[in-house]
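Novice: Sharing a structure with you now.
Bear in mind these aren't lab numbers, they're just calculated from the coordinates by the rules spelled out. Predicted, not measured: the structure shown is a model, and the values here were computed from it. Counting neighbours? That spans all protein chains shown, and the Cβs are built from the backbone with ideal geometry, glycine included.
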């Protein structure tokens with residue numbers, strides 16, 4: 001029993017250390033670790049706020065009155081309204097908290113749909129090639145050439161059909177953002193598939209009689225999706241900005257259907273010139289912090305994934321490697337060697 005527990009203990013720790021975020025956190029040092037930790041903390045607060053919105057929001061996102069009567073419009077921060085009220089008479093703090101939930105729902109739906117569609121189409125296109133590959137490349141290059149916000153606006157108009165309820169508005173925003181993201185995943189997965197299908201182990205599987213479906217999903221897909229966590233974090237921040245842009249331009253979700261930061265900013269533009277700062281400050285600050293958290297995580301993962309952008313000596317030592325590089329006129333250059341465990 002003791003031997004078994006001793007054997008399984010390090011094995012469990014080794015498996016935990018190989019988890020995507022845990023591995024990068026252990027590998028990072030210095031400024032990179034600080035950026036990653038700050039990004040994870042901000043992103044964690046954003047996610048927890050979105051999940052716990054019904055519990056921590058003092059009022060509903062469309063609530064205009066309580067037992068004491070109507071809230072009133074443009075009331076300054078204080079009393080029962082810690083961040084004041086908007087021009088429409090909504091509680092600013094409640095709208096900010098509920099807006100986090102709307103943003104998270106849109107991000108999850110948009111990224112999941114775009115990953116599924118982009119990965120599948122990129123896998124099929126890169127593996128089989130031929131005329132199908134050429135058609136997909138031309139179509140998605142044309143979509144990718146459009147400005148992302150303009151494409152999202154067009155798709156929102158086509159999809160929403162004038163509906164402003166929660167399901168219709170959220171789905172319209174999510175599918176609009178999905179259309180923008182699909183070409184990105186397609187291009188990345190297709191390029192990786194074209195490279196991986198020429199590897200020796202893929203050729204060996206084909207010689208042994210493995211079907212195309214088995215090779216695609218068992219061998220190619222597993223190795224082609226290693227960069228998806230990085231793209232996911234960067235696209236999540238872009239999704240928040242696209243959703244806020246749609247709301248600010250009037251193509252978002254109505255306040256009676258859900259809280260949305262971009263819409264609140266749109267309604268607060270006229271307040272700024274009148275000295276009413278709280279209706280625009282807090283929704284804008286929520287957008288900045290949410291995007292900052294996702295961006296810090298994404299940029300940190302990008303630095304750690306690229307050996308040219310990370311401190312080779314510090315990172316190598318922290319991960320069990322000895323990296324010594326000496327560049328001396330007339331001397332030699334020592335590469336990295338792995339220390340036997």
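Novice: Test of understanding: what is the full-extension gain from residue 269 to residue 198, defined as 0.36 nm times their sequence separation minus their Cα-Cα distance? Present the calculation step by step, with values, prior to reporting the outcome.
Specialist: On the way: separation 71, 0.36 × 71 = 25.56 nm, distance 5.55 nm.
Roughly 20.0 nm would be gained on extension.
Novice: Work out the FRET efficiency for residue 226 and residue 38 from their Cβ-Cβ distance, taking R0 = 35 Å, and round it to the nearest 0.05.
Specialist: Plugging the Cβ-Cβ distance into 1/(1 + (r/R0)^6) gives 0.90.
Novice: Here is a follow-up. Let me check against my output: what whole-number percent is the relative contact order of the stretch 64-196, with C-alpha pairs under 8 Å and at least 6 apart?
Specialist: Over the stretch 64-196, the number comes to 28 percent.
Novice: Return a whole-number percent for the relative contact order of the stretch 58-294, with Cα pairs under 8 Å and 6 or more residues apart as the contact set. Each step should come with its number before you reach the end.
Specialist: Values: 337 pairs, mean separation 61.7, N = 237.
Rounded, it is 26 percent for the stretch 58-294.
Novice: Any chance you could run the full-extension gain for residue 52 through residue 213? It's 0.36 nm times the residue separation minus the Cα-Cα distance, nm to one decimal.
Specialist: Contour length minus Cα-Cα distance gives 53.8 nm.
Novice: Quote the Stokes-Einstein diffusion coefficient, in whole µm² s⁻¹, for the stretch 58-294, based on the Kirkwood radius over alpha carbon pairs, a temperature of 20 °C and a viscosity of 1.002 mPa s. Kindly include the intermediate steps, with their values, before the conclusion.
Specialist: Working: Rh = 19.7 Å.
So the translational diffusion coefficient is about 109 µm²/s.
Novice: Rank the residues 120, 294 as a footprinting-exposure proxy: fewest other Cβ atoms within 10 Å of their Cβ go first.
Specialist: 120, 294
Novice: In nm, what is the difference between 0.36 nm times the number of residues separating residue 285 and residue 108 and their Cα-Cα distance? Don't skip to the end; give the middle numbers.
Specialist: Details: separation 177, 0.36 × 177 = 63.72 nm, distance 2.15 nm.
Contour length minus the Cα-Cα distance gives 61.6 nm.
Novice: Label points 7 Å out from Cα along the Cβ direction at residue 31 and residue 277: separation in nm?
Specialist: Between residue 31 and residue 277, the simple spin-label model gives 3.1 nm.
Novice: Now a separate question. Whole-Å semi-axes of the stretch 173-270's equivalent ellipsoid, largest first, each the root of 5 times a Cα gyration tensor eigenvalue?
Specialist: Working: eigenvalues 374, 26, 16 Å².
In descending order the semi-axes read 43, 11, 9 Å.
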